[in-house]
Amino acid sequence: MTTTPGNVPTAAAARSDAVGTDASEALPPFAFRPMLAIAGVAAAVLLARADRYDYFGDELYFLAAGRRLAFGYVDQGPLLPLLAWAADALAPGSLVTLRFPAILATVAAIVVTAALAREFGGRRAAQVTAALGYATCPFLVTQAATLSTFALDTTLTAALVWLLVRWNRIRDDRLLLAAAVVAAVDIQVKLLMPVLLLGIGVGIALCGPRELLRRRALWLCALVLGGAALPGLLWQAGHGWPQVAMGGVIRAEQQAATGGVPGLPLQLVLLVGLLGGILAAAGLWAWTRASATSAAALYRNRFAAVTVLCQLLFLVVTGTRPYYLAGLFPVVFAAGALWLFDRETRWMPTAVTVSALVSAAIVGTVLFVLPLPAGELRQPTETQGQLSARLRMFGTTGWDRLEATVRDAYRDLPPEARSRAVIVTHTYWQASALDRRRADLPPVYSPDRGFAHFGTPPETATTVLYVAPATAEPELRRTFSGVRPVARLDDRLGFPGIDRKLTVWRCDRPVRSWADTWPALTTNVLDAGI
């Protein structure tokens with residue numbers, strides 16, 4: 001507790017650092033049966049459709065990275081490659097097994113949302129409403145669809161905030177250690193955990209509980225988190241901090257696909273959906289009205305609201321992915337549900353029920369209908385915005401055609417050329433897809449993003465099957481002594497970079513050594529050729 005020069009605690013600091021309503025305060029019972037029903041239905045539906053989408057390009061990359069385990073990678077930690085490796089070892093080729101961690105994390109996020117509503121003092125109706133807000137938000141569909149960094153990061157972020165909110169009520173330092181473990185796991189998923197922790201730190205410094213900053217357990221938490229982060233930081237330092245360079249790449253991708261920062265409000269509305277939008281707006285409003293005598297639990301946990309605002313500010317400043325905010329959806333959904341059911345209005349239960357039913361109908365339709373059959377495509381994909389929409393509506397298509405085309409091109413090489421041939425691809429997606437068929441192909445390399453760090457072609461590799469768009473021809477002619485196309489993939493309705501606007505080039509005799517050539521080719525840009 002902070003004090004005045006006369007060593008008398010200030011009233012504001014006392015309110016900020018107080019245990020609130022004390023550890024002895026009895027919370028409402030947790031709504032176990034409704035939560036079991038909601039989580040059970042969500043799990044069943046998500047598992048039933050887990051293999052409807054073909055491999056997403058990043059999933060193939062995680063499988064390739066899992067065959068090359070390391071302490072760090074360009075744009076994520078080692079946990080997802082490890083999970084992909086385990087899934088491939090347990091059930092090779094099973095999309096359900098590969099995506100099970102994402103589905104488990106999604107279902108867990110529903111439960112954490114209800115647990116947050118309970119910590120805020122919400123009774124059964126508020127807990128159920130908060131959980132339904134998450135279970136019926138469109139982001140849930142994206143989170144569970146593929147194995148991804150944000151699928152796990154979202155739930156771990158929500159769990160971390162829940163542990164801190166709970167600590168703020170009962171002041172059991174074991175919760176701080178648990179929060180440190182959650183953060184340590186999350187930093188093995190995504191390297192943006194420091195941004196969240198900074199937001200939490202700002203919130204605690206401004207609004208309390210400042211007592212947390214004086215806890216001895218905090219030093220142990222820092223040790224746990226620092227020890228977990230160190231291997232990845234050393235890897236980043238040894239490879240020129242590629243994560244830093246990725247910021248500009250992601251910003252450019254968002255600008256091309258969704259309009260960047262000006263498109264952020266619409267993207268967030270689309271992610272939270274109808275009921276989620278109502279809860280989020282109500283939650284943020286509730287924090288502006290909370291006081292020590294009204295909505296005391298929200299007032300006591302104002303740091304969580306500041307954390308949301310800091311994360312939103314980060315999105316605006318950096319222009320990165322809108323779903324970086326998704327880990328805090330449970331926080332605002334829970335606060336909003338509490339505020340709605342604290343209003344003594346007869347129409348509130350009916351309004352919430354109608355919103356929940358409409359939201360469930362929308363998300364249920366999306367889950368049932370998507371992905372659309374590739375045969376329903378009518379127009380070619382020409383822009384990044386169209387490509388982003390196609391990914392959501394149809395998923396990725398054409399992997400088998402890409403693999404077959406490259407395999408045939410390799411078999412058509414003369415025997416003496418095959419003996420010293422390698423495959424190099426323009427994107428890490430292409431390399432990851434071909435790496436899956438490595439038994440039928442020569443070694444696969446790519447100078448793109450994370451795959452660039454998996455190895456450089458040997459100096460004995462004088463024949464290269466280079467998979468790249470036609471626009472890459474000038475660079476290839478500067479890099480190799482001989483360049484000629486041997487196969488083309490250009491289905492008018494194909495997926496750009498997979499089976500559209502793609503050429504397989506035979507490139508002979510690199511002009512310089514591979515050690516000199518590789519850095520010049522290396523890029524973090526995922527170029528689909530459009």
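The values are calculated or read from the model by the stated rules, or taken from the named source; none is laboratory data. Just so it is clear, the model here is predicted, and its values are computed rather than measured. Note: ideal-geometry Cβ built from the backbone for every residue, glycine included; neighbour counts use all protein chains shown.
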- Task: Could you check, for segment 94-103, whether at least one of its residues is closer than 15 Å to THR146 by Cβ and assigned to a loop (DSSP other than H, G, I, E, B)?
- Result: yes
- Residues being outside any helix (DSSP H, G or I) and closer than 13 Å to THR320 by Cα: count how many of those fall in segment 235-270. 2
- Query: Can GLY232 be described as in a helix (DSSP H, G or I), over 28 Å from ARG302 (Cβ atoms), of a type in the set (Gly, Ala, Ser) and in contact with a Leu (Cβ under 9 Å, 6 or more places away or on another chain)?
  - Reply: yes
- Kindly indicate whether GLN143 is farther than 24 Å from PHE100 by Cα, assigned by TED's automatic domain parsing to the domain that holds ALA286 and assigned to a helix (DSSP H, G or I). no
- Message: With the requirement that a residue be within 17 Å of GLU475 (Cβ to Cβ), touching a strand residue (DSSP E or B) at 6+ places or on another chain (Cβ under 9 Å) and either in contact (Cβ under 8 Å) with a residue 60 or more places away in the chain or aliphatic (A, V, I, L, M) (or both), what does segment 509-530 give you?
- Response: VAL511, TRP518, LEU521, THR522, THR523, ASN524, VAL525, LEU526, ASP527, ALA528, GLY529
- Would you be able to say whether some residue in segment 124-136 is assigned by TED's automatic domain parsing to the domain that holds ALA286 and outside any helix (DSSP H, G or I)? yes
- For LEU60, all conditions in the list (1) surrounded by fewer than 22 Cβ atoms within 10 Å (Cβ to Cβ); (2) within 29 Å of ALA245 (Cα to Cα); (3) not hydroxyl-bearing (Ser, Thr, Tyr) hold save one; what is the number of the exception? (1)
- Query: Taking the stated definitions as given, is ALA304 buried (at least 19 other Cβ atoms within 10 Å of the Cβ), at pLDDT below 90, small (Gly, Ala, Ser) and in the same structural domain as LEU164 (by TED's automatic domain parsing)?
  - Reply: no
- Only one residue in ASP490, ASP499, ASP527 is among the charged types (D, E, K, R), surrounded by fewer than 18 Cβ atoms within 10 Å (Cβ to Cβ) and either touching a helix residue (DSSP H, G or I) at 6+ places or on another chain (Cβ under 8 Å) or not assigned by TED's automatic domain parsing to the domain that holds ASP412 (or both), so which one is that? ASP527
- For ARG477, state whether it is surrounded by fewer than 21 Cβ atoms within 10 Å (Cβ to Cβ), more than 36 Å from the chain's Cα centre (by Cα) and of a type in the set (D, E, K, R). yes
- Determine, yes or no, whether PRO485 is part of a loop (DSSP other than H, G, I, E, B), without any contact (Cβ under 8 Å) to a residue 60 or more places away in the chain and not aromatic (Phe, Trp, Tyr). no
- Note on the structure: Residue hits (segment 349-367; touching a residue at least 60 places away in the same chain (Cβ under 8 Å) and either surrounded by 15 or more Cβ atoms within 10 Å (Cβ to Cβ) or among the hydrophobic types (A, V, I, L, M, F, W, C) (or both)) are VAL352, SER355, ALA356, VAL358, SER359, ALA360, ILE362, VAL363, VAL366, LEU367
- In segment 412-438, residue surrounded by the fewest Cβ atoms within 10 Å (Cβ to Cβ) [restricted to those that are in a loop (DSSP other than H, G, I, E, B) and in contact (Cβ under 8 Å) with a residue 40 or more places away in the chain]: ASP412
- Task: Please verify whether segment 47-54 includes one or more residues that are touching a helix residue (DSSP H, G or I) at 6+ places or on another chain (Cβ under 8 Å), surrounded by 14 or more Cβ atoms within 10 Å (Cβ to Cβ) and part of a helix (DSSP H, G or I).
- Result: yes
